[in-house]
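The values are calculated or read from the model by the stated rules, or taken from the named source; none is laboratory data. From a predicted model like this one, the values you see are computed outputs, not experimental measurements. Note: ideal-geometry Cβ built from the backbone for every residue, glycine included; neighbour counts use all protein chains shown.
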Amino acid sequence: MIRKPRSRSILRRLRSSPYLFILPALIGLLVLVLYPFAFNIFITFTNMNVYHIRACADLFANATQADQLHCYALNSGVQNNLFYNFGFVFTDPAFVQILENSVIWTFSNVLPTVGLGLVLAFVLNSKVRGKTIYRLFMIVPWAMPSFITLLVWKGMYNYQFGVINSLLGEIGVPAINWLNGSCFNAFVAIVIANIWLGYPFMMIIFSGALQSIPQELYEAASIDGAVGFTRMRTVTIPLIRPTIVIALLLGSIWTFNNFNSAYLITAGGPGICTTIFITQAYNQAFSYFNFALAATYAFIAFIILFVPGFFWTRYTGLTRGGGS
Amino acid sequence: MARSSAARSVRKLAASALKHAFLIVMALVSIYPVLWVVSIAFTPGEALGNPNLFLGLFPIPSSFTLDHFTSILKLQVVVGSNFPVWIRNSTIITVSSVVGALLLTLPAGYAFSRRRFRGQEASMFSFLLPTMFPGVVTIIPQFLLFSTLGLVDTYFAVIIPYMVGSLSLSIFIMKSAFDSIPREIDEAAMIDGAGEFRIFTRMLLPLTLPSIATVALWAFMGSWLDWALAHVMLESNSLWTLPLALYAFLQPNYTYYGSFSALSLVMAIPVFVVFLVFQKYLVTGLTAGSVKG
């Protein structure tokens, strides 16, 4: 208390620009993000697609990738109706279901992954024998390239041969047609696989946050008589709250934009049951080579994430400075 | 008295048994699908293409081979590129990306935690923006940008995006780690005559080692397993990374699931090693951070 005025004057004396600290990161961000961002907004107004790319066909034989891409960009013109691509997306009869799928997909993944990660981090931060071994086992889903593990999940869901149905059979549950049955089954299947992929990293970030809490704070709390649940409520939870907030926020954004599970296990099917925004953008870009439509889907996804993301950071004070 | 302490120790034992039961179940769930990958890697032929593979509860290969492992060592998927080259490229790229990411993240996290300045909230929020824009559509413009700069087909073309790519999470993790260190520590050190840089490097960084380990691990994985960006940016065979080699086993007309699984397992080994190293910091970060110096 008494120190405060003195330290403040020292701080002022030592003041160097805070902008210097954030400048390198900010420059990287601006260069790598701003340009692609502007580029994508521009091509949402164009008709950059495979037909105009065909005009580049004679280049293909010996051209470098750079020449090809420049050719794609140059051979596509601005649409007569500037908002043609947006009109196409919004009048697509599947649009509402894709939007609904994306939102359900996001929430049904994020809450269990963050919850499981948090519980595991707490349990492994308490006195338990064999922590290192448990942690090592637990990060396995995260350490493997997801392509191969997702194909294994697809095999495990196989109606006739899959181990999941044979396990259910053991306990007397009739076989479930996971991937080609109802929308609900397919959705549950990809959500389970994706939770499996997601919780290890949540466990890691919560473990790091728990360990970063200075021991002194716990000592001070125990002198004040705070133990067990009280200690958790007054010391632990407030200090890891920002990490929970950022895990929920980034977890949602990543899940919304993560197409691996939906693409590799169900390929968006059956029908459009498991089609989400990002699989749609990916299909437009790399199956139909309609880059303008892909950019349009991506731009809409951006807006959908930006608005709640903005209010959530505001509401939780995530970006508020600690400042002296 | 004796009775209540007995009751307490029973309750303790039950709690510990419950914890272990939970952890064992989660550990089994975590590794079970990967046991299938192990099985595929040791089975002759391309087992994953055969749905019969998933019959039975335990993934035990019906016959055993090491061919898939020897084939990734021997194989030249493309001319001038083999296993040692992939390891070298992946190592150079990953280490540079992690170091670079830390150099960008740590000072920024510090400034966001300890200072107040104009545009603070806006600039911090802006680090979230790249995650909101799906990666599949940013790769092409990034490629055009790097080709204009003449950096395509060099290590820089992937290192720089990997460094920046990890920032959105890292800066927030570091800010909240610095926030959890009481400001009295900085102030006490300042009274002792330590400068800001010294406080940052000698006091705050050691105290936040567990979070630094998390951030480094995150940056490590971002570049170690990335295929999409490397696929676009690196054209020369001599620059191939492990993921590029891995996905080369997926040919349009034939999929080498066996070799794919084998290389996936090989690629996971360094992740475990790195994790074990960081695990040490996760534990020692506590004691190393005592505020006595």
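Regarding the range A:259-276, can at least one residue be identified that is of a type outside the set (Ser, Thr, Tyr), in a helix (DSSP H, G or I) and at the interface with another protein chain (Cβ under 8 Å from one of its Cβ atoms)?
No, the range A:259-276 contains no residue that is of a type outside the set (Ser, Thr, Tyr), in a helix (DSSP H, G or I) and at the interface with another protein chain (Cβ under 8 Å from one of its Cβ atoms).
Is it true that some residue in the range A:93-103 is more than 17 Å from the chain's Cα centre (by Cα) and outside any helix (DSSP H, G or I)?
So far as the range A:93-103 goes, yes, one or more of its residues are more than 17 Å from the chain's Cα centre (by Cα) and outside any helix (DSSP H, G or I).
Could you check the range B:98-131 and list, in sequence order, the residues that are within 24 Å of A:PHE299 (Cα to Cα) and either within 20 Å of the chain's Cα centre (by Cα) or not assigned by TED's automatic domain parsing to the domain that holds B:LEU225 (or both)?
B:PHE127, B:LEU128, B:PRO130, B:THR131
Filter the range B:131-166 down to the residues that are at the interface with another protein chain (Cβ under 7 Å from one of its Cβ atoms) and touching a Ser or Thr at 6+ places or on another chain (Cβ under 6 Å) and list them by number.
B:THR131, B:MET163, listed by residue number.
Within the range A:210-229, restricting attention to residues that are in contact with a Ser or Thr (Cβ under 6 Å, 6 or more places away or on another chain) and within 13 Å of another protein chain (Cβ to nearest Cβ), which residue is nearest to B:GLN279 (Cα to Cα)?
Out of the qualifying residues, it is A:SER212.
If you go through the range B:209-231 one residue at a time, how many are more than 7 Å from every other protein chain (Cβ to nearest Cβ) and either small (Gly, Ala, Ser) or within 21 Å of B:TYR110 (Cβ to Cβ) (or both)?
Qualifying residue count, the range B:209-231: 10.
Can you tell me which residue is nearest to the chain's Cα centre (by Cα) among those in the range B:232-251 that are surrounded by fewer than 21 Cβ atoms within 10 Å (Cβ to Cβ) and within 18 Å of B:PHE146 (Cα to Cα)?
B:VAL232
Could you list all residues from the range A:189-209 that are modelled with pLDDT under 90 and either more than 8 Å from every other protein chain (Cβ to nearest Cβ) or over 30 Å from B:GLY222 (Cβ atoms) (or both)?
Within the range A:189-209, none qualify.
Does A:ALA186 satisfy the criteria of being more than 10 Å from chain B (Cβ to nearest Cβ) and crowded, with 22+ Cβ neighbours inside 10 Å?
Considered against the rule, which asks whether it is more than 10 Å from chain B (Cβ to nearest Cβ) and crowded, with 22+ Cβ neighbours inside 10 Å, A:ALA186 comes out as yes.
Here is a list: A:GLY172, A:GLY208, A:GLY228, A:GLY181. Which entry is surrounded by 24 or more Cβ atoms within 10 Å (Cβ to Cβ) and either touching a residue at least 24 places away in the same chain (Cβ under 8 Å) or small (Gly, Ala, Ser) (or both)?
A:GLY208
Can you tell me which residues in the range A:100-129 are farther than 30 Å from A:PHE302 by Cα and not charged (D, E, K, R)?
If the condition is that a residue be farther than 30 Å from A:PHE302 by Cα and not charged (D, E, K, R), then A:VAL119, A:LEU120, A:ALA121, A:PHE122, A:VAL123, A:LEU124, A:ASN125, A:SER126, A:VAL128 are the ones that fit.
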